[in-house]
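The values are calculated or read from the model by the stated rules, or taken from the named source; none is laboratory data. Bear in mind that the values here come from a model prediction, so they are computed numbers and not experimental data. Here the Cβ positions follow ideal geometry from the backbone for every residue, glycine too, while neighbour counts run over all protein chains shown. Quick note on the areas: whole protein, heavy atoms, side chains included, nothing else; ligands and nucleic acids left out. Shrake-Rupley method; radii C 1.70, N 1.55, O 1.52, S 1.80 Å.
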Amino acid sequence: MIAKSGKDFDIILISGEYYDDHPLSPVGIIARVLDAEGFSVGIIEKPETKDQFTCLGAPRLCFCVTAGSMDSMLHNYTPLKRKRMDDPYNTVTRMPNRAVIVYCNKIKQYFKSSPMIIGGIEASLRRFAHYDYWDNDIRRSILYDSRATLLVYGNGEKQILTIAHRLQDGEDLRGINGTCIISKEYDETFELLPSFQEVKTDAIQFCKMQKGFSMYKNLAQEYDNNYLLQYAYPTYTTCDLDWIYSLPYTRKLHPHSLLKMARFSVVTHRGCIGNCNFCSLSLHQGERIVSRSEQNILEEIRKLTTHPDFKGYIDDLGGPSANMYGMDCENNNTCRNDCLSCDSLDTSHGRLISLLRKARKIEGVKKIFVRSGIRYDLAVQSQEYIKELVTHHISGCLKIAPEHFSEKVTDLMNKDNTTFDEFVSSFHILNKQKKQYLKYYFMIGHPGDSLQEVQRLRDTIRRKGLDNVEQFQLFTPTPMTHSTCMYWTGINPLTLEKVDTICDYKTKKILKRILLDIKKK
Ligand code: SF4
């Protein structure tokens, strides 16, 4: 049972976002997973007052607290640290800064003895000591500031079920894979990261910590006389994802839902093998692809065609990078090498092409859109896939993210742009009869960037005749990424080489101005 009113719930979920009964909503999934295991779930959305926090009473087992699918500071501030207040939409979706900490401290005030479990991207990526762009300083693990009982990192379905059953059976919460806990001691299975004090005062120690991060290890970090312990992430399999995504979501959305444009979207896989240094997905969803079975995805689409509001259009069929579906590897759980440079990686796109062809044939489906970003350096390895994509699955434009054309900067981003021109020409050849075009995303201000590099970027964009630039994103240092470590320390954690960084507001504004000129021929 999942409800927003009533009493005597087993578990109460508190979220910084509105609740959607939808497989793209982190809270929506956790609620459905718990419900499927027979737990009663209460939902409290964006609480501010005492009444709102206490309206469902105390839970029998625990509170679960999340900011939702985005870190509250990223949600509330622009890359230039200005409060996002300028559009009416934001006043509706506003949440407190550091929402997880604020919500937990309120719960502690009103329900002293109730266990609190924190999760979601804000908690997950702040699980160790981290650089906070908005404080411009190092903060300790969010588990200390929130005073929560336990932290769940990454996708948390397996972890939350283990936690719920242990609480129900009155068992201890130590040792659950995919969680973090504070402890007085640690055993030999843990790798010790530099302590909070060391990373706070020494840039090299901060880099050492950064290089030591992994979801696949037991890690420990010292804080004064105790330790933050991370238990290695549990293995999620195709069967797990098939079960999670086949739960009976109604796809009923909150009036102010963030998912309006994605109501009939279908997730095909999790994880990303891209390992871009500015992205923390590999430390949240994992750096290995776990795909759902073709049969399970097709079954979900068949079910969607019977949904009363379904108009025949699948809004998106994809994952973090749409064309990584099916790039699972039998060595996923044992190998830690870089998949993108590995000969064993299956880049034929065979499973994806098969899925797209079968999904298109489902009765009641008019069109299936692929709106998740694609990795064109992988797509160029299958002309057949590009043909499928542009012929059947895009609506006039395809968005790709070359990010930058300076080799110095893309090396520091760990992005490979050598196949950009090849992809663009394939796209245009295949679109001769169709009026479809590419839209480009660029990132400026990343460590290694400079006024000269951005001027070169502008000139390269002009020389290549790329006139559909969708966005120039200013780099924002988010917790736990290699690029954020470079931004804070001025050192590349992988090579310990010095890196030039642009941290001052004035220069960042100039960078943006250089590129805005492009639009003015
Ligand atoms: S063998 Fe290659 S493709 Fe497979 S997990 Fe390792 S690096 Fe990735």
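General observations
- So residue 69, is it open to solvent by 10 Å² or more (accessible area, probe 1.4 Å), within 18 Å of residue 8 (Cβ to Cβ) and outside any helix (DSSP H, G or I): no
- Check on residue 319, of a type outside the set (Ser, Thr, Tyr), surrounded by 13 or more Cβ atoms within 10 Å (Cβ to Cβ) and either assigned by TED's automatic domain parsing to the domain that holds residue 125 or more than 16 Å from the ligand (Cβ to nearest atom) (or both): yes
- Only a single criterion out of (1) in contact (Cβ under 8 Å) with a residue 24 or more places away in the chain; (2) more than 16 Å from the ligand (Cβ to nearest atom) is not satisfied by residue 308, namely (1).
- Complete set of residues in region 378-391 that are more than 15 Å from the ligand (Cβ to nearest atom) and either more than 21 Å from residue 300 (Cβ to Cβ) or not assigned by TED's automatic domain parsing to the domain that holds residue 319 (or both): 379, 380, 382, 383, 384, 385, 386, 387, 390, 391
- Looking at 348, 354, 372, just one residue is more than 20 Å from residue 435 (Cβ to Cβ), within 16 Å of the ligand (Cβ to nearest atom) and hydroxyl-bearing (Ser, Thr, Tyr), and that residue is 348.
- Meets criteria (closer than 26 Å to residue 251 by Cα and among the aromatic types (Phe, Trp, Tyr)) for residue 77: no
- Test result for residue 489, surrounded by 22 or more Cβ atoms within 10 Å (Cβ to Cβ) and either over 15 Å from residue 80 (Cα atoms) or within 20 Å of the chain's Cα centre (by Cα) (or both): yes
- Residue selected from region 286-295 under the condition within 16 Å of the ligand (Cβ to nearest atom) and surrounded by 23 or more Cβ atoms within 10 Å (Cβ to Cβ), by the criterion nearest to residue 477 (Cα to Cα): 288
- Residues considered: 161, 192, 151. Of these, the only one that is hydrophobic (A, V, I, L, M, F, W, C) and farther than 21 Å from residue 64 by Cα is 192.
- When residue 363 is tested against (1) closer than 27 Å to residue 402 by Cβ; (2) more than 16 Å from the ligand (Cβ to nearest atom); (3) exposed (fewer than 14 other Cβ atoms within 10 Å of the Cβ), only condition (1) is not met.
- Selection within region 232-248 - open to solvent by less than 30 Å² (accessible area, probe 1.4 Å) and out of contact with any Leu (no Cβ under 9 Å at 6 or more places or on another chain): 234, 236, 241, 242, 244, 245, 247
- Some residue of region 148-167 being in contact with a Phe, Trp or Tyr (Cβ under 8 Å, 6 or more places away or on another chain) and open to solvent by 50 Å² or more (accessible area, probe 1.4 Å): yes
- Per-region count, region 1-19, residues surrounded by fewer than 24 Cβ atoms within 10 Å (Cβ to Cβ) and within 26 Å of residue 316 (Cα to Cα): 2
- Subset of region 436-464 (residues that are in a loop (DSSP other than H, G, I, E, B), closer than 21 Å to residue 505 by Cα and not charged (D, E, K, R)): 445, 446, 447, 448, 450
- The residue pairs whose first member lies in region 342-353 and is of a type in the set (S, T, N, Q), whose second member is away from the ligand (no atom under 13 Å from the Cβ), and whose beta carbons are closer than 8 Å, counting only pairs six or more residues apart or on different chains, are 347/381; 347/382; 348/381; 348/382.
- Among residues of region 273-283, those that are open to solvent by less than 20 Å² (accessible area, probe 1.4 Å) and either in contact with a helix residue (DSSP H, G or I) (Cβ under 6 Å, 6 or more places away or on another chain) or among the β-branched types (Val, Ile, Thr) (or both), counted: 2
- Candidates 335, 329 - the one that is surrounded by 14 or more Cβ atoms within 10 Å (Cβ to Cβ), at pLDDT below 95 and not charged (D, E, K, R): 329
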